[in-house]
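The values are calculated or read from the model by the stated rules, or taken from the named source; none is laboratory data. The shown structure was predicted, so the numbers you read here are calculated from the model rather than taken from an experiment. In this analysis, Cβ positions are derived from the backbone assuming ideal geometry, glycine residues included, and neighbour counts consider all displayed protein chains.
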Amino acid sequence: MRYQLTPISCRPWTLLGLSPKLIESHYENNYGGALRRLNAITEQLQALDFARAPGHVVNGLKREELAALNSTLLHELYFASLGGDGKPKAVLAEALARDFGAVDRWKSEFVAMANALSGGSGWVLLVYLPRDRRLVNQYASEHSQAVAGGIPILALDMYEHAYHIDFGANAKAYVDAFMRNIDWSAVEGRYQDAAKVEPPRPLVQKEFGDLPGVAVEEVKAMLDAGSPVQFIDVRPKHSVSREQDIIEGATWRDPERVQEWMGELSKSDPVVVFCVYGFHVGCRTAIALRDLGFDAKYMTGGHSAWKAIGGPTKMQS
């Protein structure tokens, strides 16, 4: 499989004390880099002959996959955690008070954990444990503690204590024995329970109803294949002047002057418009074009998402 980028879910220009430049760099370089690395590792794993591959190759690739996957998942959660007023709402405040004694107690612990990482690396997470039906704060160092958001349904203990008495140093025989003894009915039951847990909620812009969007990966595939598509950059003037780059294959048009330039477009070919992040400007422009009879969609994630997947750009002429 190929992992797809998740459009940025916070509105960077609304954040207090965090600049859009900081958020864009974090999203495009750190999150985007992790996603690109994850897809590159996935391709190597798909091409690997596991029956013949040396153990160190399998070990290295799977460790790198875990780190890249967790980095991707944690960054998506990070951006989805921003954009509010910093005050827990009633239901969560009650849960925090229940599990930590008080909201302030939770905050003190969470902040202390973050401060303790100063100058180092890692994540501080608030995690729900279905087993205990409670919230806990936890560290996740080096993106490799576990798959973020995962609910394990099968476990194999590979510490020596799990097999030494019966198998000595013959770990392979132990693994074979374990595989012969798996209770797949129980695993299936745990799978069914885990499947009831909903995935992270996608970004929903209710103000734009059912306006169709198209993912950056799909747009890039269309352009790479030479498919007929009218690719329009409708970032506001101030954003274009700040960025000074443009996506290859796109044409910039002022979103405030749709009526003036829409005559240059063909109604027989699809139109894809994009703004900076895939919020209001791109959506409103797509709606305006659809109202005029064009087959128009907006590119989810916008210009920033394109850069995050490593899509080609060029300096504006």
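Looking only at the stretch 246-259, decide whether some residue is touching a residue at least 24 places away in the same chain (Cβ under 8 Å), under 24 Å from the mean Cα position of the chain (by Cα), in a strand (DSSP E or B) and buried (at least 18 other Cβ atoms within 10 Å of the Cβ). Yes, the stretch 246-259 contains at least one residue that is touching a residue at least 24 places away in the same chain (Cβ under 8 Å), under 24 Å from the mean Cα position of the chain (by Cα), in a strand (DSSP E or B) and buried (at least 18 other Cβ atoms within 10 Å of the Cβ).
Out of all the residues in the stretch 205-236, which are of a type in the set (Lys, Arg) and under 20 Å from the mean Cα position of the chain (by Cα)? Spell out how you get there, then give the answer.
The first filter runs over the stretch 205-236 and keeps only residues of a type in the set (Lys, Arg), leaving 206, 220, 235.
Once the filter is applied, which keeps residues that are of a type in the set (Lys, Arg) and under 20 Å from the mean Cα position of the chain (by Cα), the stretch 205-236 yields only 220.
Once the stretch 122-147 is narrowed to residues that are at pLDDT below 85 and among the small types (Gly, Ala, Ser), the residue that is surrounded by the most Cβ atoms within 10 Å (Cβ to Cβ) is 144. Under the condition of being closer than 22 Å to residue 55 by Cβ, surrounded by 14 or more Cβ atoms within 10 Å (Cβ to Cβ) and of a type in the set (A, V, I, L, M, F, W, C), the residues counted in the stretch 148-174 number 3.
The residues of the stretch 104-148 that are over 27 Å from residue 38 (Cβ atoms), in contact with a Lys or Arg (Cβ under 9 Å, 6 or more places away or on another chain) and free of Cβ contacts under 8 Å to residues at least 40 places away in the same chain amount to a single one, 134.
Looking across the stretch 282-314, just one residue is β-branched (Val, Ile, Thr) and under 14 Å from residue 31 (Cβ atoms), and that is 309. Residues that are closer than 27 Å to residue 13 by Cβ and among the β-branched types (Val, Ile, Thr) are absent from the stretch 183-197.
Matching residues to (1) more than 11 Å from the chain's Cα centre (by Cα); (2) surrounded by 14 or more Cβ atoms within 10 Å (Cβ to Cβ):
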| position | (1), (2) |
| --- | --- |
| 9 | no, yes |
| 34 | no, yes |
| 41 | yes, yes |
| 47 | yes, no |
| 60 | yes, no |
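Restricting the stretch 278-316 to residues that are part of a loop (DSSP other than H, G, I, E, B) and under 13 Å from residue 233 (Cβ atoms) leaves a set whose member that is nearest to the chain's Cα centre (by Cα) is 278. Does residue 153 satisfy the criteria of being touching a Lys or Arg at 6+ places or on another chain (Cβ under 7 Å), within 23 Å of residue 66 (Cβ to Cβ) and not basic (Lys, Arg)? So residue 153 passes the test.
Considered as a group, the residues in the stretch 176-217 that are part of a helix (DSSP H, G or I) and among the small types (Gly, Ala, Ser) include one that is surrounded by the fewest Cβ atoms within 10 Å (Cβ to Cβ), and that residue is 185.
Considering the stretch 219-245, the residues that are surrounded by fewer than 15 Cβ atoms within 10 Å (Cβ to Cβ) and either of a type in the set (D, E, K, R) or touching an Asp or Glu at 6+ places or on another chain (Cβ under 7 Å) (or both) include one that is farthest from residue 311 (Cα to Cα), namely 237.
Looking only at the stretch 11-52, residues that are basic (Lys, Arg) and either closer than 19 Å to residue 276 by Cα or free of Cβ contacts under 8 Å to residues at least 12 places away in the same chain (or both) come to 3 in all.
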